[in-house]
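Visitor: My questions will all concern the structure given below.
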Amino acid sequence: MADLPLTLAAPLHDALLAALDVEGKIPRALEALGPIGGRETGVVGDGPREAAELAALGGQLTRIGLLREEAEKRPEASFDVITSRWSAFQGVDPAELAAADHLLRPEGRLLIVHDYGRDDVSRLLGDRPEYRLWSRRDGPFLSAGFRIRVIHCFWTFANVEAATAFLTGAFPSTGEAVAAELKRPRVSYNVAVYHRTRGEMGRLEG
């Protein structure tokens, strides 16, 4: 289930789900880069919130599993768009990319959401490859024909006290330092949408 970029137990899971991207910037970006509306969209490992957001855009959704397995059982050119948030493309596996190309129609769009870093959330989670290698020009995505759109999102809470309670509860070793610097009840969170047209080579977007 890919509604969240990390695994938390309830009630912390529910608190983050309510706080993450309340402005709806991620689905708006996917619509701009797809689009999703009115198109056959394969969704990899979606959670209920992700499915609801994509359905609200007017996408004709099909939940799919591992891309290599899907490519073996589905006909070529099954989808106009394939999306994944956090659960697939942990870097770029050539076999996974080939499977996506098999499933996409000509000019089909592959939209992959991952953390970008350079934000408060990366201070909470520590060093990860998505914060360094993945977004580089010589990294796995841009060198494989993807472009990148960076979305400046937030985890937004009811008040600073609620934000502090969540951060210190979910991240005992790092949350207190981030919470101490809050001026408003939100935590900065940058998301990268790696996007690629079937067979296209990419460039870095500003």
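The values are calculated or read from the model by the stated rules, or taken from the named source; none is laboratory data. Source: prediction; values computed, not measured. For neighbour counting, all protein chains shown are included, and Cβ atoms are generated from backbone atoms with ideal geometry for every residue, glycine included.
Visitor: How many residues are touching an Asp or Glu at 6+ places or on another chain (Cβ under 6 Å) and under 24 Å from S173 (Cβ atoms) when one looks only at the stretch 86-143?
Guide: Residues in the stretch 86-143 being touching an Asp or Glu at 6+ places or on another chain (Cβ under 6 Å) and under 24 Å from S173 (Cβ atoms): 3 in total.
Visitor: Would you point out the residue of the stretch 19-46, among those that are in a loop (DSSP other than H, G, I, E, B) and touching a residue at least 60 places away in the same chain (Cβ under 8 Å), that is surrounded by the fewest Cβ atoms within 10 Å (Cβ to Cβ)? Working first, answer last.
Guide: Of the residues in the stretch 19-46, the ones in a loop (DSSP other than H, G, I, E, B) are 21-24, 34-39, 45-46.
Now restrict to residues that are touching a residue at least 60 places away in the same chain (Cβ under 8 Å): 21-23, 34.
Working: D21: 18, V22: 13, E23: 11, G34: 22.
Per the criteria, the residue is E23.
Visitor: Continuing with the same structure: Which condition number does V113 fail, the rest of (1) in contact with a Lys or Arg (Cβ under 7 Å, 6 or more places away or on another chain); (2) surrounded by fewer than 18 Cβ atoms within 10 Å (Cβ to Cβ); (3) closer than 22 Å to E50 by Cβ being met?
Guide: Condition not satisfied by V113: (2).
Visitor: Of (1) of a type outside the set (D, E); (2) over 21 Å from T7 (Cα atoms); (3) free of Cβ contacts under 8 Å to residues at least 40 places away in the same chain, R196 satisfies all except one. Which?
Guide: (3)
Visitor: Moving to a separate point now. Kindly evaluate G108 against the criterion of being part of a loop (DSSP other than H, G, I, E, B), crowded, with 17+ Cβ neighbours inside 10 Å and within 19 Å of the chain's Cα centre (by Cα).
Guide: Working: part of a loop (DSSP other than H, G, I, E, B): no; crowded, with 17+ Cβ neighbours inside 10 Å: yes; within 19 Å of the chain's Cα centre (by Cα): yes.
No.
Visitor: Continuing with the same structure: Hey, among the residues in the stretch 131-175 that are over 20 Å from the mean Cα position of the chain (by Cα), of a type outside the set (A, V, I, L, M, F, W, C) and in a loop (DSSP other than H, G, I, E, B), which one's modelled with the lowest pLDDT? Before the answer, list the steps.
Guide: Initially, the stretch 131-175 is screened for residues over 20 Å from the mean Cα position of the chain (by Cα), giving 138, 157-175.
Then keep just the ones that are of a type outside the set (A, V, I, L, M, F, W, C); that gives 138, 159, 161, 164, 168-169, 172-175.
With in a loop (DSSP other than H, G, I, E, B) added as a condition, the list becomes 138, 159, 172-174.
Numbers: D138: 94, N159: 98, P172: 97, S173: 97, T174: 98.
Only one residue tops the list, namely D138.
Visitor: Only one of (1) assigned to a loop (DSSP other than H, G, I, E, B); (2) at pLDDT below 95; (3) of a type in the set (K, R) fails for R118. Which number is that?
Guide: (2)
Visitor: When the residues of the stretch 65-83 are narrowed to those that are at pLDDT 95 or above and within 27 Å of Y131 (Cα to Cα), which ends up surrounded by the fewest Cβ atoms within 10 Å (Cβ to Cβ)?
Guide: V81
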